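Only one structure is covered here, and it is reproduced in the block below.
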Amino acid sequence: MENQIEEIKNRLDIVEVIGSYIKLQKAGVNFRALCPFHSEKKPSFFVSPVRQIWRCFGCSKGGDVFKFVMEIEGVEFGDALRILAKRAGVELKSLPKEFFTRRKKLEEILETACLFYQAQLEKSTQGKKAKEYLLERKFNEESIKKWRLGWAPNTFSSLSDFLLSRKFQKKDIVDAGLAFEGKNGHLIDRFRSRIIFPVFDLNSQVVGFGGRIFGTEDVAKYINTPNTLLYDKSKIVYGLDKARLEARRKDFLILVEGYVDCILSHQNGFENTVAVSGTALSLDHLKLLQRYTNNLYFSFDMDLAGQEATKRGIFLAQQMGFEIKILSLPPEKDPADVISQDPLKWKEIIDSAKSIIDYFFELFLSRFDKEKIEEKKEIVKNLAPFILNIPNEIEKTFWLEKISKELKIKEEDLRKELAKIKLVKNEIATSEKTNDSSKSRREILEEKLLYVVLQEPSFLDKITTEDFIFFSSLSQEILKGLKEKKESLFPPEIKNFYDYLFLKSEIEKLEPSILEKEFNFCKKEIVKMTAREKLEEISKRIQAAEKEKNEETLRGLNKEFNFWAEKIK
Ligand SMILES: [Zn+2]
């Protein structure tokens, strides 16, 4: 197993793997980024291509490429192993126990179900009709294959029976969200008489399904897999696995409402498109999108634009620093209609996307009469949250000027009005969390001394083996390894700390002229600190020995006391 892990690591470049999840910037010999694991405005997340490790100096997370995938995908080691093996093109031979995770079991069921649905679309009578309908709606064969569209027959348990015949367990089928148990204990398929849209995670693994009713009536036009171990609708963005490269290249993402809009966009060359319901846009979705771009183009119909839930999603995106534009669709049309009729028209709409404030300003101007004082107030009230939410002051002023001119209100009065409106804070953390404050003074000093030594190895000679007693056991191990040139033999927990120090020494490179001063200062302070701790401890023991009138112990302790007292001077 060890060999296979090494082989995977050797074949993959950590910069490339991490770079496929988040935007990396070159910083000297390393790369840096905004940390995907905590909220921050200045990047403190670093990747070292030389050491093939990553580390965040804000939240202290770090490790190798496996650790990164585990953290960012929220999966276990076995899952990260599979993801990276697939990526590296390494076929796993001897599989460890931890490889067979619950996740893997459910993935297998979903993959099998997906193949079942796909075959039904091609071969069954009902399925063929569904496919005809898709072709009529301008889907082409290639898209049907690429997005793995399928058909769920109008029967009670075709899929469940098929899965049971493939030796899958009832409980697993239910847990995968594919069926539920009826009164008599038989399984009933969740998706019946529906066109199936598989939902993929970032690794294009099927994690759930959406189903559109076809050939029969149902109150729900669309239904989805309920939340399962693999499928959390607040964390999955449909189509992102296929859109992410293009999103980064073009540096913007188009958000549409539905599967059909999304697939037809891709089919017509707008591959930087994803589908997420405007009313359900969550903080997790936005964090995911922010890995690829800071520019979002929203496309939703006019009646939805005013809804609280939609506004909330937009506010959230605005507060996270996204640049937001809105696509204005012709009345009563959704993106799929426009694209399938005339892709060029869609391109025009994208090119003339309006900034969010322009869009809402126009929307409210069309709804209210700006000549009437009461309605003028309404416009200001409706627009206020969007303006207050702009993080940049210059941009804010730009809009205030524009609005005051248009509504014939003094800018000063407008500002006064806005000041009365309280902006509701949402779940975005306003403070940037760091772990540095939780470090003890000793940890900070020892870390600094060690990374100064890494930057200037000749200082190692200034620390003798007698000096080791001043340091914590972790630092002692590092110093010992460095002195004996046995860094490559560090056990994992020490290697982890060593990698961290090394990266830090590269990132926070000190001026060569101050290295010696820093080193001497840290060493002196560490010695003093240790001495004070020792003296306190010895004093207690002396008191105890005095009570017991133990002369011999006292003599020894006094000698020790003097030794440490010397160090404080
Ligand atoms: Zn972090």
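Quick query: amide H of ILE53 versus all other amide H atoms, modeled in the peptide plane; which residues come in under 5 Å with a sequence gap of 5 or more or a different chain?
Residues meeting the criterion, in which the H sits 1.01 Å from N, are SER48.
Can you give me the P(r) profile for region 439-568? Cα pairs, bins 5 angstrom wide beginning at 0, each as a whole percent.
Taking all Cα pairs of region 439-568, the binned fractions are 2, 10, 18, 19, 16, 11, 8, 7, 5, 3, 1, 0 percent.
Taking the Cα centre as origin and putting +1 on Lys and Arg beta-carbons and -1 on Asp and Glu beta-carbons, what dipole magnitude results for region 240-420, to the nearest 20 debye?
540 debye
Using only the Cα atoms, work out Rg/Rh for the chain, with Rh taken as the Kirkwood radius, to two decimals. Write down the numbers at each step before the final one.
On the way: Rg = 31.0 Å, Rh = 28.5 Å.
On the Cα set of the chain, Rg over Rh gives 1.09.
Bins of 10 Å, beginning at zero and ending with the bin holding the largest distance: percent of Cα pairs per bin for region 140-181, please.
In whole percents, the pair-distance histogram is 25, 40, 29, 6.
Going through region 78-179, which GluC sites (Glu not before Pro) have at most 13 other Cβ atoms within 10 Å and a DSSP loop state? Display every interim value, and only then the final one.
On the way: sites: GLU91, GLU98, GLU107, GLU108, GLU111, GLU122, GLU132, GLU136, GLU141, GLU142; in loops: GLU91.
Qualifying residues, ordered by number: GLU91.
So between LYS145 and LEU115, what do we pick up on full extension, going 0.36 nm a residue minus the alpha carbon distance?
Details: separation 30, 0.36 × 30 = 10.80 nm, distance 1.10 nm.
Contour length minus the Cα-Cα distance gives 9.7 nm.
With Kirkwood's inverse mean 1/r over C-alpha pairs for Rh, give me the Rg to Rh ratio of region 240-420, two decimals please.
Numbers: Rg = 17.0 Å, Rh = 17.1 Å.
Rg/Rh: 0.99.
Counting pairs of Cα atoms in region 338-419, how many percent are more than 19 Å apart?
Details: 1420 of 3321 pairs.
Pairs farther apart than 19 Å: 43 percent.
Would you mind getting me the FRET efficiency between ARG249 and GLN25? Use the beta-carbon distance for r and R0 = 22 Å, nearest 0.05. List each step's numbers first, then the result.
On the way: r = 16 Å, r/R0 = 0.73.
Efficiency for this residue pair is about 0.85.
If packing is taken as the mean number of other Cβ atoms within 10 Å per residue, what is the order of 372-379, 333-340, highest first? Present the calculation step by step, with values, prior to reporting the outcome.
Details: 372-379: 13.5, 333-340: 20.2.
Ranking, from highest mean packing down: 333-340, 372-379.
Determine which residues of region 214-230 fall in the zone a paramagnetic label at TYR133 would reach in this model, i.e. backbone nitrogen under 18 Å from the point 7 Å along Cα→Cβ.
214-225
Label-point separation (nm) for LYS528 and ASP161, each offset 7 Å from Cα along Cα-to-Cβ?
Label-label distance for LYS528 and ASP161, simple model: 8.3 nm.
Show me, for region 226-242, the HN-Hα J-couplings you get by feeding each phi into the Karplus relation (A = 6.51, B = -1.76, C = 1.60, θ = phi - 60°), rounded to Hz, glycine and proline as x.
Running phi through 6.51 cos²θ - 1.76 cosθ + 1.60 with θ = phi - 60° gives x, 4, 10, 4, 8, 10, 10, 5, 7, 10, 10, 10, 5, x, 5, 4, 9 Hz.
Please tell me the relative contact order of the chain in percent, rounded to the nearest whole number, where contacts are Cα pairs under 8 Å and at least six residues apart.
On the way: 733 pairs, mean separation 51.5, N = 569.
9 percent.
Between region 318-345 and region 128-174, what is the separation of their alpha carbon centroids in Å?
Cα centroid of region 318-345 versus Cα centroid of region 128-174: 30 Å apart.
With a 1.4 Å probe and all protein chains left in place, how much accessible area per residue does region 2-99 have, in Å²?
Working: 4700 Å² over 98 residues.
Value for region 2-99: 48 Å² per residue.
Express the accessible area of region 240-420 per residue in Å², computed with a 1.4 Å probe while the remaining protein chains stay in the model.
Using a 1.4 Å probe on heavy atoms only, each residue of region 240-420 averages 46 Å².
When you have a sec, figure out the Kirkwood radius of region 102-224 from all distinct Cα pair distances and drop it here in Å to one decimal?
Values: mean 1/r = 0.0687 Å⁻¹.
Result for region 102-224, one decimal place: 14.6 Å.
Give me, ordered by chain and number, the residues 5 or more places off GLY208 or on other chains with an amide H under 5 Å from its own placed amide H.
VAL199
Can you list the HN-Hα couplings for region 261-266, worked out from phi with the Karplus curve (6.51, -1.76, 1.60; θ = phi - 60°), rounded to whole Hz and with x for Gly and Pro?
Each residue of region 261-266 in turn: 4, 5, 5, 5, 4, 4 Hz.
Calculate the length of the line joining the C-alpha centroid of region 479-528 to that of region 196-274, in whole Å.
Each part's Cα centre sits 48 Å from the other's.
Compute the acute angle (0 to 90°) between the alpha-carbon long axis of helix 393-407 and the principal axis of greatest extent of the alpha-carbon atoms of the chain; round to the nearest 10°.
30 degrees
Helix 441-455 against the longest principal axis of the chain: what's the angle in degrees, Cα atoms only, rounded to the nearest 10?
Between helix and principal axis, roughly 90 degrees.
SER234 to ARG555: extension gain in nm, 0.36 nm per residue of separation minus the Cα-Cα distance? Please list the in-between numbers first.
On the way: separation 321, 0.36 × 321 = 115.56 nm, distance 6.90 nm.
Between SER234 and ARG555, full extension yields an extra 108.7 nm.
Take the Cα coordinates of region 222-301, assign each an equal point scatterer, and use the Debye formula without solvent to give log10 I(q)/I(0) at q = 0.21, 0.26 Å⁻¹.
Debye intensities relative to I(0), on a log10 scale: -0.94, -1.36.
Heavy atoms only, probe 1.4 Å: what % of the accessible area of region 439-568 goes to carbon and sulfur, would you let me know?
Numbers: 4090 of 7830 Å².
So the carbon and sulfur contribution to the accessible surface is 52 percent.
Given the C-alpha atoms of region 31-152, compute the convex hull and give its volume per residue in Å³.
Values: hull volume 22.5 nm³, N = 122.
Roughly 185 Å³ of hull volume per residue.
Once the convex hull of the alpha carbons of region 2-99 is built, what does its volume come to per residue, in cubic angstrom?
Numbers: hull volume 9.0 nm³, N = 98.
In region 2-99, the Cα convex hull volume per residue is 92 Å³.
Considering the options ILE72, GLY89, GLY58, tell which one lies farthest towards the positive end of the dipole of region 2-99, charges being +1 on Lys and Arg and -1 on Asp and Glu at the Cβ, about the Cα centre.
Most positive-ward Cα: GLY58.
Kindly provide the helix-only [θ] at 222 nm of the chain, computed as the sum of -39,500 (n - 2.57) over DSSP H runs of four or more divided by all residues, to the nearest 500 deg cm²/dmol? Before the final figure, lay out each step's value.
Working: 25 runs with 301 residues, N = 569.
Rounded to the nearest 500, it is -16500 deg cm²/dmol.
The values are calculated or read from the model by the stated rules, or taken from the named source; none is laboratory data. These numbers come from a predicted model, not from an experiment. Reconstructed Cβ throughout: ideal geometry from the backbone, glycine too, with neighbour counts over all protein chains shown. SASA here: full protein model, heavy atoms, side chains in, ligands and nucleic acids out. Shrake-Rupley method; radii C 1.70, N 1.55, O 1.52, S 1.80 Å.
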